[in-house]
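A.B. asks: Take this structure, written in structure tokens, and hold onto it; I'll ask about it next.
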Amino acid sequence: MKLRATRDLEGDAASSSSASAPARAKYILGVDVGSTVIRCHVYDKAAVLRGSSTKQVKVLHPQPGWVELDPEYLWTQFIDVIIEAVQAAGIQMNQISALGLSTQRATFITWNKKSGKPFHNFISWQDLRAAELVKSWNRSMLLKAIHGFSSLLYFFTRMDQFLLSSCIAFTTQHVSLRLAWVLQHIPEVEQAIKDDNCCFGTVDTWLLYKLTKGAVYATDYSNASSTAFFDPCKLQWSVPLGKLLSIPVSLFPPVEDTSYNFGSVDAEIFGVAFPIAALVADQQAAMFGQCCFDTGDIKVTMGTGSFWDINTGSKVHSSKTGLYPLIGWKIGTELIYLAEANASDTGSAIQWAQNLDLFVSVEETSEMASSLVNSGGVCFVPSFSGLQIPVNDPYACASFMGITPSTTKKHLLRAMLESIAFRNKQLYDTITREVDIPPTSIRADGGVSKNRFVMQMTSDLISRMINKPVVTDMSCLGASFLAGLAVGFWNDREQLKKLRETDVVFKPQKEPKEYKVAMDNWIKAVKRSLHWYNQTSE
């Protein structure tokens, strides 16, 4: 097994290409393995969608708060969506120029280096099993000492890495303490690490490993930075954090550029070899698909969760409230950083409401909410996976408050949609308050961006225009753009900008103060939902 992605496999791809040269350079495959859905899109040179396939991700909940994925089932679904999308496009596999792969972030697995067999299921970024570890570490004197010492070093050196470590705080979404939990509770993993027989990978690394039948073991900078185990300043796995948690950095894969020839899909899988030309984390993929290439550009993706990202250019942002510094992408000498604020439960909350028969079709929710003047005093707290910044409470509970005998399904639904807009307001305010970069544009995507009620209310609350494109599955498009640039399918970013089409621009229609009473009540409901599971467990 190779332990680096190399260009050695390009020869195989080139020979395959020459065998069918007239037909091959026509389409790009973009696959997005999200938290709830796996999508594969087939794009032509005009970035027109020629064929697609979608499958629901099978999420496992073996214990309360645990969220897992079966790796072999995920692999089967991944192969199926590619085959089905190519068939839907009416083309042959030998017409694929390259594959770009976007994946959910910080969901990880470990496996036996020799046999390739996983030691456990994927542990999702939404998983809460490490909540007690997070609480313990964040309250520890050791972490406080690190903060103090790092602050002192930053005062004298003004080096970004010391500023970052002076603000470090663990969350359940970070790989670090979930991986520490694995080492504490699964002896086989601990022993395999001692025997140098353990591989670690996020979803991208696992799928790359499987696609190349174990020949290539790697990740990219966007996915690496999303683990919270990667030093975005030194561009390497964090040795100090590894020593702090007793996790050797040798466990982690090599890191390559985002738009890069990682090798070729093994010809036995689809009958032909073609290049894997991009690995990218899903939110960074959406950022690239939205053509948010310039400093100050903001992208908000509302899918399973809500993710607000601002392009901070070559500057790493350090936050005291939880804004996370990410690498957007690395292509050659270009390195773009992002600062991100997120909420875990957006589309997942809407899906839950549909499962309870609060509505029949997602398309009708905007009209249902708009048919009411207000929510009738009902507030919803979207916290199935805790509340992230600026609240930062993994023990907060999801809840309805203010229900009366006159409350209807429409009131409940409106309260849920309002909660998404209120969370958007919190996240936007956190970004603009913390990041010393004026926002230049805001672009929205993801399934929930199709909800006009949520979009208009968000625009009103933040007093900004929001641009929604025709295509809202931006992670697939971003991965395709990155892969296409790597193999010359598209020439440059100016060409990509011309391919993005705007569907609608939401402009503020109300003053934020018109929502003050409703948002004040909602904030009161949020406060009463905090520390819920912690209290009941004591």
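The values are calculated or read from the model by the stated rules, or taken from the named source; none is laboratory data. On a predicted model such as this, the values are computed, not experimentally measured, just so you know. In this analysis, Cβ positions are derived from the backbone assuming ideal geometry, glycine residues included, and neighbour counts consider all displayed protein chains. Please note that ligands, DNA and RNA were not included when accessible areas were found on the heavy atoms of the full protein model with its side chains. Shrake-Rupley method; radii C 1.70, N 1.55, O 1.52, S 1.80 Å.
A.B. asks: So for the pair Asn392, His185, with labels modelled 7 Å out along Cα→Cβ, what separation do we get in nm?
C.D. replies: Each label point lies 7 Å from its Cα, and together they span 2.4 nm.
A.B. asks: With a probe of 1.4 Å, find how much accessible area the stretch 81-126 has per residue, and write the answer as a whole number in Å².
C.D. replies: Value returned for the stretch 81-126: 31 Å² of accessible area per residue.
A.B. asks: Under the Karplus relation 6.51 cos²θ - 1.76 cosθ + 1.60, θ = phi - 60°, what is the ordered set of whole-Hz ³J(HN,Hα) values for the stretch 336-342, x standing for Gly and Pro?
C.D. replies: Values per residue, Gly and Pro as x: 10, 9, 10, 10, 10, 10, 9 Hz.
A.B. asks: Moving on to the next point. Explain nothing, just the number: relative contact order of the stretch 282-441, from Cα pairs under 8 Å at least 6 residues apart, as a whole percent.
C.D. replies: Worked out over the stretch 282-441, it gives 23 percent.
A.B. asks: Rank by packing, highest mean first: peptides 101-113, 507-519, with packing defined as the count of other Cβ atoms within 10 Å averaged across residues.
C.D. replies: Top of the packing list down: 101-113, 507-519.
A.B. asks: I need the helices of the chain that pass two filters: whole DSSP H segments spanning 18 Å or more by Cα along the axis, and mean Kyte-Doolittle score no lower than 1.0.
C.D. replies: The answer, listed by residue number, is 141-157, 474-487.
A.B. asks: Hey, can you rank 263-273, 234-244 by average C-beta count inside 10 Å, highest first?
C.D. replies: 263-273, 234-244
A.B. asks: For Phe359, what residues show an amide H to amide H distance below 5 Å, using hydrogens built from the backbone and excluding near sequence neighbours?
C.D. replies: For Phe359, no residues qualify.
A.B. asks: Also, I was wondering about something else. For the chain, what % of the accessible area comes from carbon and sulfur atoms, probe 1.4 Å?
C.D. replies: 53 percent
A.B. asks: How much area per residue is accessible in the stretch 350-436 when the probe is 1.4 Å and only protein heavy atoms are counted (Å²)?
C.D. replies: Computed with neighbouring chains in place, this is 43 Å² per residue.
A.B. asks: A further question on this structure: Describe numerically, in nm with one decimal, the distance between label points set 7 Å from Cα along Cα→Cβ at Glu367 and at Lys527.
C.D. replies: Each label point is offset 7 Å from its Cα along the Cβ direction, giving 3.9 nm.
A.B. asks: Which far-off residues, 5 or more places away or on another chain, put their amide H under 5 Å from the one on Phe230, with H placed in the peptide plane?
C.D. replies: Those qualifying (amide H under 5 Å, at least 5 residues apart or on another chain) are Ser238.
A.B. asks: How high is the FRET efficiency between Glu514 and Glu334 when r is their beta carbon distance and R₀ equals 51 Å, given to the nearest 0.05?
C.D. replies: Efficiency for this residue pair is about 0.75.
A.B. asks: Another one. From largest accessible area down, sort Ser246, Ser124; use a 1.4 Å probe on the protein chains.
C.D. replies: Order by accessible area, largest first: Ser246, Ser124.
A.B. asks: Let me ask something additional. In deg cm²/dmol and to the nearest 500, what is the mean residue ellipticity at 222 nm of the chain if only DSSP H runs of at least 4 residues count, each as -39500 (n - 2.57), divided by the residue total?
C.D. replies: So the helix-based figure for the chain works out to -11500 deg cm²/dmol.
A.B. asks: Using a Cα-Cα cut-off of under 30 Å, which lysines could be cross-linked to Lys410, ignoring same-chain neighbours fewer than 8 residues away?
C.D. replies: The qualifying lysines are Lys55, Lys58, Lys299, Lys425, Lys450, Lys468, Lys507, Lys510, Lys513, Lys516, Lys524, Lys527.
A.B. asks: Hey, another quick one. Sort 54-65, 416-427 by packing, meaning the average of other beta carbons within 10 Å per residue, with the highest value first.
C.D. replies: Final packing ranking: 416-427, 54-65.
A.B. asks: Further, regarding this structure: With the contact rule set at Cα under 8 Å and sequence spacing of 6 or more, what percent relative contact order holds for the stretch 62-221?
C.D. replies: Value for the stretch 62-221: 28 percent.
A.B. asks: Based on the alpha-carbon set only, what is the convex hull volume of the chain divided per residue, in Å³?
C.D. replies: Hull volume over Cα atoms, normalised by residue count, gives 146 Å³.
A.B. asks: Before anything else, pin down the relative contact order of the stretch 200-295: Cα pairs under 8 Å, at least 6 apart, normalised by residue count, whole percent.
C.D. replies: RCO, the stretch 200-295: 28 percent.
A.B. asks: Quote the FRET efficiency, to the nearest 0.05, computed for Ile146 versus Gln92 with a Förster distance R0 of 51 Å and r equal to the Cβ-Cβ distance.
C.D. replies: The value I calculate is 0.35.
A.B. asks: While we're looking at this one, here's another question. Taking the solvent-accessible surface of protein heavy atoms with a 1.4 Å probe, what is the per residue accessible area of the stretch 188-287 in Å²?
C.D. replies: Value returned for the stretch 188-287: 28 Å² of accessible area per residue.
A.B. asks: Shifting gears a bit: Dipole of the chain, Cα-centred, from +1 at each Lys and Arg C-beta and -1 at each Asp and Glu C-beta, to the nearest 20 debye?
C.D. replies: Dipole of the chain, to the nearest 20 debye: 800 debye.
A.B. asks: Residue-wise, which Karplus ³J(HN,Hα) couplings in Hz belong to the stretch 254-268, taking 6.51 cos²θ - 1.76 cosθ + 1.60, θ = phi - 60°, and x for glycine or proline?
C.D. replies: So the Karplus estimates, Gly and Pro as x, are x, 10, 10, 4, 6, 9, 6, 7, 7, x, 10, 4, 4, 4, 5 Hz.
A.B. asks: So what is log10(I(q)/I(0)) for the stretch 382-538 at q = 0.11, 0.12, 0.15, 0.17 1/Å, when the Debye sum runs over its Cα atoms only?
C.D. replies: Ignoring solvent entirely, the Cα scatterers give -0.59, -0.68, -0.96, -1.12.
A.B. asks: In whole Å, what is the distance between the alpha-carbon centres of the stretch 274-341 and the stretch 185-245?
C.D. replies: 20 Å
A.B. asks: Continuing with this model, one more query. Please list, ordered by chain and number, the residues whose modelled amide H lies under 5 Å from the amide H of Glu256; skip anything fewer than 5 residues away on the same chain.
C.D. replies: Thr219, Asp220, Tyr221
A.B. asks: Under a straight-distance cross-link criterion of Cα-Cα below 16 Å, which aspartates and glutamates are reachable from Lys114, leaving out those fewer than 8 residues away in the same chain?
C.D. replies: The reachable aspartates and glutamates, counting only those whose Cα sits under 16 Å from Lys114, are Glu188, Glu190, Asp195, Asp196.
A.B. asks: Let me ask something additional. Take Thr408, project a point 7 Å from its Cα along the Cβ direction, then tell me which residues of the stretch 342-369 have their backbone nitrogen under 14 Å from it.
C.D. replies: Zone members listed by number: 359, 367-369.
A.B. asks: Then there's this: Sort Leu482, Leu152 from largest to smallest accessible area, using a 1.4 Å probe on the heavy atoms of the protein chains.
C.D. replies: Leu152, Leu482
A.B. asks: Relative to the present Cα-Cα distance, how much length would full extension add between Thr440 and Asp357 at 0.36 nm per residue of separation?
C.D. replies: My answer for the length gained is 25.9 nm.
A.B. asks: Could you work out the local net charge near Ala369, counting Lys and Arg as +1, Asp and Glu as -1, over the other residues with Cβ closer than 12 Å to its Cβ?
C.D. replies: +1
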